[in-house]
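Visitor: One structure is given below, represented as structure tokens, and several questions about it will come after.
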Amino acid sequence: MTQFERLTIDDIARLAKVSRTTASMVLNGYAERYRISAATVERVLQVAKDHHFTPSQSARALRTRRSNTIGLVIPDLTNSAHAALAQAMEWQCRERYQYQLVLVTSDENPVRETEGIAHLVSHQVDGLIVVPCTGDAKRYEKWMKRLPLVFADRRVEESSIPYVVTDAVETVATLVGESIARGAREVVYLGGQPELSASRDRLAGYRQALRQHGLEERPDWVFERDYQRESGYELMKSWFAEHQRYPQALFAGSITLLEGVLQFMNDAHQLAQAPGQLMTFDDHKLLDCLPFKIDAIIQDSAQLAEHSLRCVFSLLEGDGEPDSRLVPARIRYRRSGG
């Protein structure tokens, strides 16, 4: 038997010595409409306060067909970029829309992602924002009949679901191109799952920079696995083992991959050796504390969150199909003279 006491509205009514209907009207904000006396309202509210009681959201959702919650599915919270997106979305959801954000993680696992979406839908969230971990449109299309659904940070090709993503191609091309312009003739790229739109966009920006500066891609320059820290470590370890040195320039497709690269550099050489130029997609304040400079592309989490929520509420209110959007990114230069 549980040691915790779960109060119901019947308990509040009994303690306040009123009917269940009266207690329900007071707690759900209908006292004035039904002309319930101020003394009764005060007594019911005081009992509820004394017992830390709030009305059931599930019951309210059944009455109003709204739960005042939005679901968010992200790959993981250890990725600082995803954590920043969740933080921005939670704040805006609460402050701008008076909604609560309910979050689940997929661990970049399609099965777990589907289970997470099903869990949120079963709890009657009013809308859903997903950072998809696959490029399989069919996995997501079936939910569109149930509730408003928007992709954030990543899009899914051949899907009609609206998306809000970072405009990565030109920003990556600019950053990598500047590295080449400074003299790099060997630029290694470490990326995530090639089926993800974010991976394709970042790789497209990298290759655009090579073309624009007349640099031919070599077979040992581009490596893609996933966005896990362990993959960054293993890819850097493998490249160093083959070449017995670090590349002239290195672009990490995510902060998590960079973390793995830095871990290898620390384990192997206590950070005393490094690529001639280091670049990453996504930023972290700890990069300011390293003994070498790392230029980073910063996504605008606030704008990603704002436009994603705007899309969801547009669908929820029946304002028509919202337009997908590309959100600009910016570069944080740490190198001297950047």
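What follows is calculated from the coordinates using simple rules that are stated; it is not laboratory data. Keep in mind it's a predicted model, so treat the numbers as computed, not measured. Note that we place each Cβ from the backbone using ideal geometry, even for glycine, and neighbour counts take in every protein chain shown.
Visitor: Run the dipole for the chain about the Cα centre, Lys and Arg Cβ at +1, Asp and Glu Cβ at -1, nothing else charged, and hand back the magnitude in debye, nearest 20.
Guide: 1140
Visitor: Based on DSSP H runs of at least 4 residues, each adding -39500 (n - 2.57), what is the mean residue ellipticity at 222 nm of the chain after dividing by all its residues, to the nearest 500 deg cm²/dmol?
Guide: -13500 deg cm²/dmol
Visitor: Got a sec to turn the phi values of region 237-246 into Karplus ³J(HN,Hα) couplings, 6.51 cos²θ - 1.76 cosθ + 1.60 with θ = phi - 60°, whole Hz, x for Gly and Pro?
Guide: Each residue's phi maps through the Karplus curve to give 4, 5, 5, 5, 4, 6, 9, 6, 6, 8 Hz.
Visitor: Separate question: Give me, ordered by chain and number, the residues 5 or more places off residue 164 or on other chains with an amide H under 5 Å from its own placed amide H.
Guide: 151, 152, 153, 325
Visitor: Could you tell me the relative contact order of the chain? Use alpha-carbon pairs under 8 Å, at least six residues apart, and round to a whole percent.
Guide: In percent, rounded to a whole number, it is 15.
Visitor: For the chain, set up a GNM with springs between Cα atoms under 10 Å and report which of 19, 160, 179 has the largest fluctuation.
Guide: Of 19, 160, 179, the most mobile in the Gaussian network model is 19.
Visitor: Express the Stokes-Einstein translational diffusion coefficient of region 187-258 in µm² s⁻¹, to the nearest whole number, given a Kirkwood radius over alpha-carbon pairs, 25 °C and a viscosity of 0.890 mPa s.
Guide: For the chosen part, D equals 198 µm²/s.
Visitor: Let me ask something else about it. Mind sorting out which of [x] 55, 50, 33; [y] 81, 43, 40; [z] 58, 49, 38 is the real Cα extents along the principal axes in Å computed from the coordinates?
Guide: The calculated read-out lines up with [y].
Visitor: Right, something else. Among the DSSP beta bridges whose two residues both lie in region 222-338, what percent are antiparallel, rounded to the nearest 5?
Guide: That works out to approximately 25 percent antiparallel.
Visitor: Using +1 on the beta carbon of Lys and Arg, -1 on that of Asp and Glu, and nothing else charged, what's the dipole of region 9-55 about the Cα centre, debye to 20?
Guide: 140
Visitor: For the chain, give the share of DSSP beta bridges that are antiparallel, in percent and rounded to the nearest 5; count only bridges with both residues there.
Guide: Close to 10 percent.
Visitor: Still on this structure, I have one more. For the chain, modelled as a GNM with alpha-carbon contacts under 10 angstrom, which of 289, 311, 93 fluctuates the most?
Guide: 289
Visitor: Across the chain, where is the longest run that never hits GluC sites (Glu not before Pro) in a DSSP loop with at most 13 other C-beta atoms within 10 Å?
Guide: Formally, the longest exposed-site-free interval is 33-156.
Visitor: Which residues' amide hydrogens lie under 5 Å from the amide hydrogen of residue 227, considering only partners 5 or more residues apart or on another chain, with H built in the peptide plane?
Guide: Placed amide hydrogens put 193 under 5 Å from residue 227.
Visitor: To continue, here is another question. Explain nothing, just the number: relative contact order of region 54-197, from Cα pairs under 8 Å at least 6 residues apart, as a whole percent.
Guide: 20
Visitor: Each residue of region 37-44 in order: what ³J(HN,Hα) in whole Hz does its phi give by Karplus 6.51 cos²θ - 1.76 cosθ + 1.60, θ = phi - 60°, with x for Gly and Pro?
Guide: Per residue, the Karplus-derived 3J(HN,Hα) values read 4, 4, 5, 5, 4, 4, 5, 5 Hz.
Visitor: What list of ³J(HN,Hα) couplings, whole Hz, do you get for region 22-35 from phi and the Karplus terms 6.51, -1.76, 1.60, once you set θ to phi - 60° and write x for glycine and proline?
Guide: My calculation for region 22-35 gives 4, 4, 5, 4, 5, 6, 9, x, 10, 4, 5, 4, 9, 6 Hz in order.
Visitor: Can you tell me which of 76, 288, 11 moves the most in a GNM of the chain? Springs connect C-alpha atoms under 10 Å apart.
Guide: For the chain, modelled as a Gaussian network with Cα springs under 10 Å, the answer is 11.
Visitor: Given H placed on each backbone N at 1.01 Å, which residues far from residue 299 in sequence or on other chains put an amide H within less than 5 Å of it?
Guide: When sequence neighbours closer than 5 places are left aside, the close amide H contacts are 282, 283.
Visitor: What does the convex hull of the Cα atoms of region 186-338 come to per residue, in Å³, rounded to a whole number? Don't jump to the answer; show the numbers that get you there.
Guide: Working: hull volume 20.6 nm³, N = 153.
Spelled out: Cα convex hull of region 186-338, divided by residues, is 135 Å³.
Visitor: Expressed as a whole number of Å, what is the distance separating the alpha-carbon centroids of region 200-221 and region 279-338?
Guide: 22
Visitor: Taking region 92-185 as the region of interest, what is the percent of Cα-Cα pairs per 10 angstrom bin, listed from the shortest bin to the one with the maximum distance?
Guide: Calculated over all Cα pairs of region 92-185, the distribution is 14, 38, 24, 14, 8, 1 percent.
Visitor: Using Cα pairs under 8 angstrom and six or more residues apart, how large is the relative contact order of region 9-55, in percent?
Guide: The value is 39 percent.
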